[in-house]
Structure formats: structure tokens, C-alpha cells
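Here is the structure we will look at, set down as C-alpha cells.
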Ligand SMILES: Cc1cc2nc3c(=O)[nH]c(=O)nc-3n(C[C@H](O)[C@H](O)[C@H](O)COP(=O)(O)OP(=O)(O)OC[C@H]3O[C@@H](n4cnc5c(N)ncnc54)[C@H](O)[C@@H]3O)c2cc1C
Ligand code: SF4
């Protein structure tokens, strides 16, 4: 029997990035909030300090910060005709665990989505005609625009202290920034980071081909910065241990550096770590959440009643929690009916390697998680798709994050996988190779979705999440096209040998791509094709808000977190200013 | 290539190490922020450390095989000289070998390549099974052990594992080979604290600075040649601890509500 605890105003399922933000906004509004985090408490000191933080084997290869899949794995198949099998070790994406979530060990690449990507269906049909979108794709408009989100992007970036060069402030274009960006209300809080060597070579080459290079917007800070919460971040040291690591220098924006110290001092907030939420509990009418059930580290089960439930446990976990709790109609790929698990999307990645002469010392280890230079000329609808048979796009740039050698020891094609020639090639190329990342959008397809696995269980005997995913043909065509453009820039960089190809199917879970899993609890204007309304409130259970990249109807070209943060602030404002005035009521009539 | 004896290995390794130490003294000026002088040679694990996991016959195969996968050459030590067998031994004998972070529930199916590892074996079990099958196989076919074969025949045998699907006591040969190669590369490049990469030999060879982690002043000196000796976690004696300058440390995390342990706990 679960021990029933005292009711609180709100409970957070997960205390990662979104959980920390909502905790802060709701306690500030006077609510008593309990945050339940399945992983351990962890802080910059002592948890993220050197020398132990500089351990490629533990953090990159063995993935010490990631969800323990001996307790909770997921299963995967490419399509409904295959049997999904457990992802027994994480490779292609890395769900985080522990206080601060994946935002502890993210890179900090911080982009706003473009307006045309928020309106992808209506925009595409208007510009290219109704039949242009592949009928397999279930892409849809978000129900918000870039202009709607601008104030929330702005607030989130000033919380993070993001370093970048604005390209468009209130409609005025600024040289050196991204000329394609939608108007922002003010410049980035801090100037762009220093430009590493390979990135500088890329900038010159891209400009020589008529493209528009700009520095990557980075939440590895270029200089000390005090955010509106009164917390001070330091300048990034280009330490080379960023993605998959906590930052020892207080230089990467993460819940620990931007918000948690303030939140944890608030008397209205109670944090419980090592607390695994099993389900959201519903009243008999199935229209009201009564709280959650969780298990602590010692195996004791608790019921935490709450007036308001915030589900913020990362995209994939949000979807699973909805399914485990029986909230919303699960998606059925045969009929196309149902919404929970629908429109699961990812990111379509490829890379180009540029092998330089031995005189060019790239120094790949002098890098940060979000440094470098890129172009947006092939993002979203920034180029004419008329002649092509695809929608969407990719950015690419010289954005290397590290030179840690277990994972980074590039060799040109034709090199054997081992032996004397392999070793010779590793020594020859290690310090003389640049990699261009081609980071592409991912369109929702009727074939790709999330549901509960019929066979495999977690440590609490609950079904694992089942992922059914393969790259839509649309996205493979996009990747081939843009990767070709990146190859041309690589050649203009003066590489002796330039190697790369667009993403090829089938999707595999054996190779890291990104942890940009999206969809499954999509936001929208129509409850037939969405799980939450534009304020991220559940259509079915109005005192439940579901927040994260699971709200994306499909994935845009850029990395997700700036948009996740903006949506979180937008939802928090709607809860505080509107929902709390009439608790239990839907903010949008279905 | 001629087959090296154990003695020649150590002679060669010693010579290379000396050459590398000499090179390591040609340092760039110290980075202003975290300057430290020429670090003494790192204390890595001995290539001869006792094995926790491997039986003698297994150790002979692994020592011989890793020496073919990453050989000693003019660039410097190979996997054997760098202590990679010790690294693999400790990995297999420790938590990782026992299946740490490996989801292990059945049912078991071979699956598709894109579904990743689907065997019921822990890494330690996988090695034990495969190594026994390899020993038996070489014994049966050649009436000897792998380590006694000439180098080119060892290479050919490793290739047959790399590309083969034959069952090594239930382990597909290519799966075993991939595991062996991955562990060899890990041990060669991981911090010496794990028992391989003795004297940071691989880092010196490619020019990786190791646990040293601050390049703010160098990153915009484009093309600069970084020649300072690398640093391992074990010898980082800066012990630089950052103190958050403004905010106080957060209060302790609230404990879970205490539950009186009833005899019949559980759900
Ligand atoms: C290696 C890596 C690199 C990345 N780099 C970038 C980047 O450069 N740019 C970018 O835009 N994005 C990046 N991301 C993505 C970014 O980290 C996420 O978008 C962001 O952290 C999402 O915030 P969240 O709050 O939704 O989830 P998280 O921050 O992951 O927080 C979710 C929390 O919920 C907890 N939780 C889950 N289930 C339960 C449960 N049942 N009970 C209790 N607690 C639970 C988890 O333990 C976790 O702490 C990266 C991600 C990874 C893994
Ligand atoms: S690269 Fe910069 S932001 Fe990232 S962990 Fe290192 S110092 Fe921190």
C-alpha cells in the first residue's frame, strides 16, 4: 500500500530543465510545489569538478549521466512489421537522469525556430501548392508563431545568458549575425564566443561561396554574466569536456547554474530525488488528476496528492507517462486515429570530414559544446524547394565539440579498421581534421509513433516505451541535397580530402545522432490531432500540463532546447495568470 | 612482421618512452591561467600487472591479439606496451563486465543490426565463451595457440573473426571481434587511471592533452602547435575547486518522508 502524503498545490514529474523552470515560476506565484526527480541530487561542486569530470571513458563512452537502462530501457523497431527489441545500451540518443536532467550534460547550442517551421503546412501549401507535401507526412502547424514566442525566447535566453551575434533586432538587419532570423526584441545577452581555427576556415570558405556564416548561439558563455535571477556564470574555458559532462567552470547554462540555487532556497519548494514517478492518478471521472504515485530509493511507495500536475520528464518519458496513466487516446497507425504517441520525430543528421595537410593544426581538443560557425542558407524554407521533392532543411557548420580520442580519431576512407595502417592514419590525421555537422529537420510521418511495448518491462514491472521509427523518404532527400552543399564548402576550405554523404536509412540505435527526440504529446489547435492545447494543457485532464519537446508537432531544423524553454515560460505564464484564476478549467475550449 | 618476444617488447617500449619524454620537455609557454611546469612522466599501470579476470591462456590470446590490432611501430608503443590487456582485464572483471548499464531481460531474439546488441551474455561471459572457442579452434586446426602463430597468420585469423559469423560458443565471431577492438581502442586512449595508455603514450603520439582542460587563451591562436606534455586524471594535482562567487550553496535536498518499515513491505 502506498503511503498517502499531504496534498500540495503542484507536483513536478521530473526536475530537469523544464521542471526547474516551472518550479521557480509556480513557487514565485505562492504555490507549494513538490519536485520529484528519479535520479540523484548533483551540483557543480563537488559533482562536476575536475579531475574526475575529465574522464572520457566514464562520461562519454559508459554514459554515467544517462538514464540507467537496467531499470528503464525502451524498445525499438523501424516499422510495424518488425518485432521491437530493447535498446540494451544507449547509443543513438541519451536520455538524462538526475537533478537538472539532460540540461546538465547538453552542449548549449541555443537556437530559435523559424516562423515558417511553426507554420509548415500552411506555409508550404501557400508557397508550393497543396500537393507538394508527401502524403505520408502528418506535419501540421503548431498553433503558435515565432512572434508569439519571441518574448519567451527572449526571457529564456536572458536566463541562460546565451552568447551570440544578433542578425535581426526589431526588423533591423545586423551584419555578422544570422540574416535569416526572425526579428528579436534585443541582442543576445552576451557577445559570441571566440572562433576556433576550423570554424574560421569554414567562415571564409562559406562566404567565398556566397553564403552567410555566423557564430553559433551558445549557452557556453563568452564572458561572465549575471542573470535576472541574480546568479553569475563564468566564461567558458573551451575545456573540451562539454557534451555528456557537467561544467566544472560555471560556464555552461544548466539548471544548476541558472536557477536551482534560487529555487532550492524557496520555502515553497520541496525537492525529492531518487523518486521514481510510476503514474499520474486520476479521479473517477478521468478528467481530473489527483496527484502522482512514486517509489523512493528504498522501494517505498507514496501517493503525492496535488491540485496541479506538471509532466516535465523529457519528451520520450512524457509520452510514456501519459500512456501508463491512461490519459488521452493512444495513436493507432492503422487507422490514423488517436493522439498520444502520434508524430514522433527526431533529427536528420549527417557529417562531412575535411582532412587537411599536416601543416594545419586544428587542435580539436580546444573546443566547447556550442562554439563554431555555421550557415542557415539551407534551413527551413530559406531556399526555394520548388525544384526539389522535399520540405525542410538543415544547417551546417564547423561546430566541433571535442577531440577526445576514444570517440574522435578520424581516418580517411580506405583505411583499415585496425593494424599498422590504421595506427599510422590516426596519428597522421588526429590534429588535422575538421568535421562539419549537417543538422536537419525531421518530419512527422504516419508510420512513426510511440506506444507501450507488449513484452518488455522496467524494474517496476511497467511496460517499456516502444519506438517505431524510420527516416521518411522526404528527409533522406533533404539530407542528400544539403550534405552535397556542405561537401562543396568542405572543398573550399582547402581540405586534401573531403568525405561525406547524406543520411542513409534505415534508422539505427547503434550510432549517436542526437537526443532531440520530439513529438508524442503534440500541441495544437485541434484536439483530434493534438494532446495539449497551445498552453500545453491536456485536452482531457485540465489540471495536467505536459511540457517538453514532446509538444513539437514535427521537428524543425535547429536544436530543440531554446524552443522547449520558450514554451515552458509561455505555459508557466498561462498557469499563473489565467489557470490559477479558474483552476480546473480548460484555457481553450475544445 | 617478425614476431616480437616479451623481452623485445619491453626494450622497444622503453626506448620509445625515453624518446617521448625528451619530446615532452619541449613545452610551450605556460597558459597564464593554470600554468604548471613540465609534469613528470605519468605513473601508468605496469604492462605486467596481475590479471583479475583472464586465465593464463586467455591472457596469452588477448596480449597477442591487441598487439596486432594496435602494433608497436615507429610512432610509438602499441596496445600491448600501453597495457591494454590490463585495461580489458579490469573492465571484464569489474561492474561493466558484469553487465552494468546493460538491460538484460529476455525474451532474446537476434534482431536486426540497427537494433543493437541483443545477446544474453554480459561482456565477461561473452569473452569467456568466445576465448574458449578460439583456443579450441586454433588448437584443433593448428595444434598450437594463437600467440605462437606468426604475425601474418594471426592477422589472417583476426580477419576471419572480424568478417565471420561462426559461433564461438554462441557468440558470433564478428560480435566478439567488434567487442575486442572497441575495448582495445578504449584502453589505448582512455585515461591511464584505467590501466591502459601507460605513460599516456597514445596521447603523446597524437597530441591530445588529456585531462588538462582550459584553452581559453589558446583557442584563438589559430594553428598553434600544442606540445605540452599531456596530463592524466591521476596526476592532476591542481585540485582546482570552483567556488560559486555570488549565490550561496543550495540547501540540502529534502529527504523522502520516512516510512516505518513494516514487516510486510512492498506494494
Ligand atoms: C548529450 C546531449 C546533448 C544535447 N545538446 C543539446 C544542444 O546543444 N542544444 C539543444 O537545444 N539541446 C540539446 N540537448 C537536448 C536538451 O538536453 C533537452 O532539450 C533538455 O534537457 C530538455 O529538458 P527537459 O526538462 O524536457 O528534460 P530533462 O532536462 O532531461 O529533464 C527531465 C527530468 O525528468 C526526470 N524524470 C524522467 N522520468 C521520470 C520519472 N518517471 N519520475 C521522476 N523523474 C523523472 C529525468 O531524470 C530528468 O531529470 C542535448 C541532449 C543531450 C542528451
Ligand atoms: S566547454 Fe566551456 S561550457 Fe562546456 S564544460 Fe567546458 S568550460 Fe564548461
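What the table shows:
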item	result
From the options A:30, A:23, A:35, residue that is more than 16 Å from ligand 2 (Cβ to nearest atom), within 12 Å of chain B (Cβ to nearest Cβ) and modelled with pLDDT of 95 or more	A:35
Total residues in the stretch A:20-41, condition surrounded by fewer than 24 Cβ atoms within 10 Å (Cβ to Cβ), under 22 Å from the mean Cα position of the chain (by Cα) and more than 10 Å from ligand 1 (Cβ to nearest atom)	3
Residue ranges of helices (runs of 4 or more DSSP H) in the stretch B:115-219 with at least 1 members touching a residue at least 60 places away in the same chain (Cβ under 8 Å), closer than 30 Å to residue A:361 by Cα and within 11 Å of chain A (Cβ to nearest Cβ)	B:173-189, B:201-206
Residues satisfying the stated conditions in the stretch A:38-47, i.e. facing another protein chain (nearest Cβ under 10 Å) and in contact with a strand residue (DSSP E or B) (Cβ under 9 Å, 6 or more places away or on another chain)	A:41
Checklist (1) more than 9 Å from chain B (Cβ to nearest Cβ); (2) touching a residue at least 24 places away in the same chain (Cβ under 8 Å); (3) assigned to a loop (DSSP other than H, G, I, E, B) applied to residue A:81, failing item	(2)
Residue check for residue A:406: surrounded by 18 or more Cβ atoms within 10 Å (Cβ to Cβ) and within 14 Å of chain B (Cβ to nearest Cβ)	yes
Any chance residue A:522 is within 17 Å of the chain's Cα centre (by Cα) and away from ligand 1 (no atom under 14 Å from the Cβ)	yes
Yes/no for residue A:514 being surrounded by fewer than 22 Cβ atoms within 10 Å (Cβ to Cβ) and under 29 Å from residue A:108 (Cβ atoms)	yes
Filtered residues of the stretch A:1-18 (kept if within 26 Å of the chain's Cα centre (by Cα) and within 14 Å of chain B (Cβ to nearest Cβ))	A:11, A:12, A:15
Residue among A:438, A:509, A:489 that alone is surrounded by 20 or more Cβ atoms within 10 Å (Cβ to Cβ), away from every other protein chain (no Cβ under 14 Å) and in contact with a strand residue (DSSP E or B) (Cβ under 6 Å, 6 or more places away or on another chain)	A:438
Residue among A:121, A:112 that alone is modelled with pLDDT of 95 or more and either in a loop (DSSP other than H, G, I, E, B) or within 28 Å of residue A:230 (Cα to Cα) (or both)	A:112
Residue count, the stretch A:54-69 (criterion: in contact (Cβ under 8 Å) with a residue 60 or more places away in the chain and more than 15 Å from ligand 1 (Cβ to nearest atom))	2
Residue A:359 within 14 Å of chain B (Cβ to nearest Cβ) and more than 27 Å from residue A:214 (Cβ to Cβ)	yes
Residue match in the stretch A:206-216 (condition: within 14 Å of ligand 1 (Cβ to nearest atom) and in a loop (DSSP other than H, G, I, E, B))	yes
Hits in the stretch A:210-226 (condition: within 9 Å of ligand 2 (Cβ to nearest atom) and either within 18 Å of the chain's Cα centre (by Cα) or free of Cβ contacts under 8 Å to residues at least 40 places away in the same chain (or both))	A:218, A:219, A:220
Residue, nearest to residue B:189 (Cα to Cα), within the stretch A:409-427, restricted to residues that are free of Cβ contacts under 8 Å to residues at least 40 places away in the same chain, more than 10 Å from chain B (Cβ to nearest Cβ) and part of a loop (DSSP other than H, G, I, E, B)	A:411
Condition met for residue A:243 (within 14 Å of ligand 1 (Cβ to nearest atom) and either at pLDDT 95 or above or within 22 Å of residue A:264 (Cβ to Cβ) (or both))	yes
Close pairs from the stretch A:99-116: first farther than 12 Å from residue A:559 by Cα, partner within 12 Å of ligand 2 (Cβ to nearest atom), Cβ under 6 Å, at least 6 apart	A:100/A:254; A:100/A:256; A:103/A:254; A:104/A:246; A:104/A:254; A:105/A:244; A:105/A:245
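The values are calculated or read from the model by the stated rules, or taken from the named source; none is laboratory data. Values in this document were obtained by computation on a predicted structure and should not be read as measured data. Because the Cβ atoms are built from the backbone with ideal geometry, glycine has one as well, and the counts that use them run over all protein chains shown.
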